[in-house]
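Accompanying notes for the structure given below.
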Amino acid sequence: MYNCGPTPYDTQHIGNLSAAVFADILRRTLLYNDLEVKQVMNITDFGHLSSDADSGDDKMMQGLKREGLAVSMENMATLAEKYTQQFLDDVAKLGVDVSAIEYPRASKYVHAQIALIQTLAEKGYAYKIDDGVYFDTSLFPEYGALGGIADQSKSEERVTHNAQKKNPADFALWKLNTKLGWDSPWGKGFPGWHIECSAMARALLGEQIDIHTGGIEHISIHHNNEIAQSEAATGKKPFSQFWLHRNHIQIDCHKISKSLGNTVYLSDIEEKGFHPLSLRYWLLSGHYTTPMNFTWQALHDAQNAFLKLHQRRLELMGIEGGEIDEVWQRQFHERINDDLDTPGAIAVLWSMMKDQTLSAENFLATMLDFDRVLGLGLLSTETDILSTIQKAIGMPISMRELPESVRSLVVNREAERKEKNWSKADSLREEILSEGYEIEDTENGPQLTKH
């Protein structure tokens with residue numbers, strides 16, 4: 001299995017991290033089905049001096065500029081390693097077993113990329129123009145078949161900038177640069193962005209792989225380019241048997257964007273008192289093919305559910321000797337095997353929680369069996385999870401103990417509730433929650449607890 005990984009030019013936001021969780025769930029499900037898995041996720045650790053569209057600055061260039069670093073190979077390597085480690089730390093907190101995955105750096109496979117381009121040139125698929133070497137898409141009739149975008153590929157706005165290209169959809173295999181990069185038969189420069197995945201998958205997994213994953217944004221350009229160059233090189237051998245794509249995460253119904261100021265990082269979630277696995281639970285509550293809308297209220301609800309599972313787990317501490325219930329396991333297996341139906345799999349777990357006929361021993365054994373796939377930390381009793389639970393069930397905070405800003409929000413919310421302005425009251429609840437406080441309406445007035 002090959003997963004399109006990050007370009008480590010900055011901290012990865014929760015949308016980027018969701019792709020790693022998706023790949024982890026897929027891996028766990030394959031293992032649950034008694035399959036052996038070799039998993040590779042690439043790290044694009046150098047810039048290509050062009051964007052995915054073969055023009056303009058790419059992300060690594062943006063990162064160097066942001067941090068005031070001169071453009072050099074050494075600075076690119078330093079920047080990439082810094083944010084690669086941060087990415088690996090974040091996904092580990094989200095339940096991903098990073099030790100079970102290969103994370104090859106693209107910079108270590110430049111020679112493999114050059115060799116693949118040479119193969120394409122020998123077969124007549126590559127041609128050179130002033131700024132580099134390009135793939136001739138007219139020689140690959142199946143180009144654009146993934147996602148059914150073949151008819152649109154020649155009209156893509158992104159491919160109309162270079163008049164020397166034979167076809168608008170042709171893409172860069174090698175970009176020339178006289179100052180930076182690697183030596184090649186065509187001159188000094190950098191591999192095109194798309195060639196790295198084909199070369200690294202070929203080097204680490206072989207000419208044909210079982211599963212390739214990425215985000216839906218990869219379908220129209222990146223993955224169609226991967227298919228074209230990989231299959232052209234191997235004589236049309238199918239590159240990947242299956243393609244799975246994670247849909248987008250939005251925040252408050254808007255695309256995640258730094259320019260909009262709505263980017264959320266895992267560190268933000270932790271600072272507000274949420275456990276990272278609460279985010280994992282929230283991600284699993286939606287199907288990977290469906291867009292999801294992140295709100296702090298949604299994460300709050302996810303953490304409540306997550307904590308209830310752990311409270312149940314704590315109640316059963318010390319119980320041993322149970323057997324996995326075959327009836328419940330069969331239901332769980334059917335759901336997770338139906339195109340990774342994680343919402344359905346979680347629903348099976350909650351239904352099993354209500355089964356009064358199931359002994360405590362067998363319930364625990366079955367719940368832990370499910371967590372082999374869900375990865376919600378039920379198989380362990382980590383102290384930070386227990387600490388989160390203690391905070392969640394702690395004593396309410398009095399109004400005088402609240403920060404002035406939060407106290408003002410509570411007062412305003414009560415005023416809106418008295419006027420029956422429920423929409424405004426709900427909005428104020430969101431603001432209170434974003435400040436790290438849970439509010440519950442009781443007969444004695446609002447009660448708040450700190451996350």
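For this structure, a couple of remarks:
- Restricting attention to segment 330-352, the residues that are among the polar types (S, T, N, Q) and more than 27 Å from Gln303 (Cβ to Cβ) add up to 1.
- Only a single item in (1) out of contact with any strand residue (DSSP E or B) (no Cβ under 6 Å at 6 or more places or on another chain); (2) under 24 Å from Asn3 (Cβ atoms); (3) buried (at least 21 other Cβ atoms within 10 Å of the Cβ) is not met by Thr263, and it is number (3).
- Within segment 119-137, if we keep just the residues that are of a type in the set (Ser, Thr, Tyr) and assigned to a strand (DSSP E or B), the residue that is nearest to Trp193 (Cα to Cα) turns out to be Tyr134.
- Any hit, segment 35-42, residues being modelled with pLDDT under 95 and in contact with a strand residue (DSSP E or B) (Cβ under 8 Å, 6 or more places away or on another chain): no
- Segment 235-252, subset buried (at least 18 other Cβ atoms within 10 Å of the Cβ) and under 30 Å from Ala121 (Cβ atoms), residue nearest to the chain's Cα centre (by Cα): Ser240
- Index of the failed condition, Gly68 passing every other in (1) surrounded by 22 or more Cβ atoms within 10 Å (Cβ to Cβ); (2) without any contact (Cβ under 8 Å) to a residue 40 or more places away in the chain; (3) not aromatic (Phe, Trp, Tyr): (1)
- Here Lys255 passes the criteria (1) exposed (fewer than 15 other Cβ atoms within 10 Å of the Cβ); (2) in the same structural domain as Leu376 (by TED's automatic domain parsing) except the one numbered (2).
- Among the residues making up segment 336-352, those that are surrounded by fewer than 19 Cβ atoms within 10 Å (Cβ to Cβ) and farther than 18 Å from Met292 by Cβ are Asn337, Asp338, Trp350, Ser351.
The values are calculated or read from the model by the stated rules, or taken from the named source; none is laboratory data. Every value quoted in this text rests on a predicted model; they were computed, and no experiment measured them. Cβ atoms come from the backbone with ideal geometry, glycine included; neighbour counts cover every protein chain shown.
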